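A short worksheet on the structure shown next.
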Amino acid sequence: MASLGELERSVMDQLWSTTDASTANELRDRLAQSEGQGHEAKDLAVTTVLTVLSRLEKKGLVERERGTRPHRYRAISTREDHTARLMHEALGTATDREAVLARFIGSVSEAEAATLRRLLARG
Amino acid sequence: MLLTAYLLAVLAILLAWPVPVALSRARWTSRSPFAAMVLWQSIALGGGLSMIGAMLVYGLEPLGDNLPQAVRRALGIVVGNRSSDQLHFWHLFALCAAALLGLHLVFTLGLTYARITTQRRRHRELLEVLSLPSGAIERTLVINHPAPVAYCLPGGSRSVTVLSDGLMEALTPGELSAVVDHERAHLTQRHHLLLWSFEAWRQALPWLPTTRLSRQAVSSLVEMLADDVARRTAPDEVLVRAIALVALGSAEAHAGQGGSPSGNGTERRTEPGMPEEGEASLASRVSRLLTPQPPLSHAQTTAVLAGSGLLLAVPTVLLLAPGLFS
């Protein structure tokens, strides 16, 4: 079996690849297709997909349409939006996040870039 | 007792303003970042200890010749309902202020920890679905983003280094491994704990500008310490090139964002009279690699470390030594 983390990633990839909401059954089938080559995805149970979906829902990545049966799931925002948010935190550009992460280089202003170019030219 | 209170107050004032200002301007710190880091920590701890201690000793002064005795009598007043006639308004005021400040510091430390942990957990959750483990480098995640970004996410056994696609494309294998070594040094030397405590210090006492100074100094020293680990395996030029490529690359990425809401991310909150944070630290970080200075001599390092020890020992002895200045 693939680990839960890997499954979460594959399920999100599937949800991000369509704009429509999907049921757990549809997701299972699509996962089986995309990872069919030699992967164990074929034995993936729908209950496992549902577990992964509820974890993703708790993390605020996925929302459930409650009116329908079976429930349909969709991604809350795009992959790019989530990545942008992560990078914001990573670069320390979001307010008061500085202490959270030690990064190789934080956000660099134009003045700093100029200082750096000057230093390198001298060196 | 009264003399002890005054001495502690003088020490608290020295450690709250002139000493940190002088240290933040000192040039030797980039030559021996470790010694400087120890000194910053004892300034913070010694400062807090003497600030609280001065008020405590002043408030308890009428109750005894030394602190242990006075504390026993104070407990007698609180628990045993004994007369508190000896304590006048200003004594009670000082005692309340000491208790409030102590609680405030501990509470802020806890609150900052909780806030940081929540943010990290959230960050990690997103990272799990957005990144792929790097095939070539152990305990490293790769995230799909054009800007060159590298950072580490501490979390015990789940600590990881995160690199962006853009970074891996922009750097040569040698430069990349220097960056990874740098990030791993942050994790193994537990730099996040230092950043956390100084961030808490700053949030607890925002009206004291030197808390901001010390946080800046500590985050800049942490980078130098990590650079020094990377320098053990990578030549200085390689590390400098990596820093320059990442810094200039991310500056361009920001400039390119133009009108987007994150475009103003490079603006810094500045206060008059304080040096610009990142500029000074990035420049000093690079210039110490371009023109390496010899580290402090053995004697000088010993002196700094001994001074740091004294900053902690003096307020402790003043507080605890019974009847020292009675």
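Numbers for the structure displayed
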| item | result |
| --- | --- |
| Among residues of segment B:124-147, those that are facing another protein chain (nearest Cβ under 7 Å), surrounded by 15 or more Cβ atoms within 10 Å (Cβ to Cβ) and closer than 21 Å to B:I243 by Cα, counted | 3 |
| Qualifying residue in segment B:203-214 (condition: within 12 Å of another protein chain (Cβ to nearest Cβ), part of a helix (DSSP H, G or I) and surrounded by 22 or more Cβ atoms within 10 Å (Cβ to Cβ)) | no |
| Check on B:A170, more than 15 Å from A:A90 (Cα to Cα), touching a helix residue (DSSP H, G or I) at 6+ places or on another chain (Cβ under 9 Å), within 11 Å of chain A (Cβ to nearest Cβ) and in contact (Cβ under 8 Å) with a residue 12 or more places away in the chain | no |
| Residue satisfying all of: in segment A:30-64; of a type in the set (D, E) and surrounded by 14 or more Cβ atoms within 10 Å (Cβ to Cβ); modelled with the lowest pLDDT among these | A:E35 |
| Selection from segment B:253-292 of residues that are at pLDDT 85 or above and under 28 Å from B:L14 (Cβ atoms) | B:S284 |
| Residues satisfying the stated conditions in segment B:59-77, i.e. under 18 Å from B:L318 (Cβ atoms) and of a type in the set (V, I, T) | B:V71 |
| Qualifying residue in segment B:91-98 (condition: farther than 30 Å from B:A5 by Cα and buried (at least 19 other Cβ atoms within 10 Å of the Cβ)) | no |
| Meets criteria (assigned by TED's automatic domain parsing to the domain that holds B:L23 and not polar (S, T, N, Q)) for B:G110 | no |
| Positions within segment A:56-73 being more than 13 Å from the chain's Cα centre (by Cα) and either of a type in the set (K, R) or assigned to a helix (DSSP H, G or I) (or both), in sequence order | A:K58, A:R64, A:R66, A:R69, A:R72 |
| Lone qualifier among B:V38, B:V10 - being under 26 Å from B:H104 (Cα atoms) and in contact with a Leu (Cβ under 9 Å, 6 or more places away or on another chain) | B:V38 |
| Residue list for segment B:294-323, restricted to those being part of a loop (DSSP other than H, G, I, E, B) and in contact with a helix residue (DSSP H, G or I) (Cβ under 7 Å, 6 or more places away or on another chain) | B:L296, B:P322 |
| Which listed residue, of B:L87, B:L193, is within 19 Å of the chain's Cα centre (by Cα) and either buried (at least 17 other Cβ atoms within 10 Å of the Cβ) or more than 30 Å from B:L75 (Cβ to Cβ) (or both) | B:L193 |
| Tally of residues being exposed (fewer than 15 other Cβ atoms within 10 Å of the Cβ) and aliphatic (A, V, I, L, M) across segment B:112-123 | 1 |
| Leading residue by the ranking (nearest to the other protein chains (Cβ to nearest Cβ)) among those in segment B:148-167 that are surrounded by 15 or more Cβ atoms within 10 Å (Cβ to Cβ) and among the small types (G, A, S) | B:A150 |
| Residue within segment B:144-162 that is among the charged types (D, E, K, R) and without any contact (Cβ under 8 Å) to a residue 12 or more places away in the chain present | no |
| Qualifying residues in segment B:126-167 (those that are among the hydrophobic types (A, V, I, L, M, F, W, C), in a helix (DSSP H, G or I) and in contact with a helix residue (DSSP H, G or I) (Cβ under 6 Å, 6 or more places away or on another chain)) - the one farthest from A:H82 (Cα to Cα) | B:V129 |
| One residue from B:A306, B:A230 being modelled with pLDDT of 90 or more and away from every other protein chain (no Cβ under 13 Å) | B:A306 |
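The values are calculated or read from the model by the stated rules, or taken from the named source; none is laboratory data. If you're wondering where the values come from, they're calculated on a predicted model, not measured in any experiment. Here the Cβ is made from the backbone with ideal geometry for all residues, glycine too, and neighbour counts use every protein chain on show.
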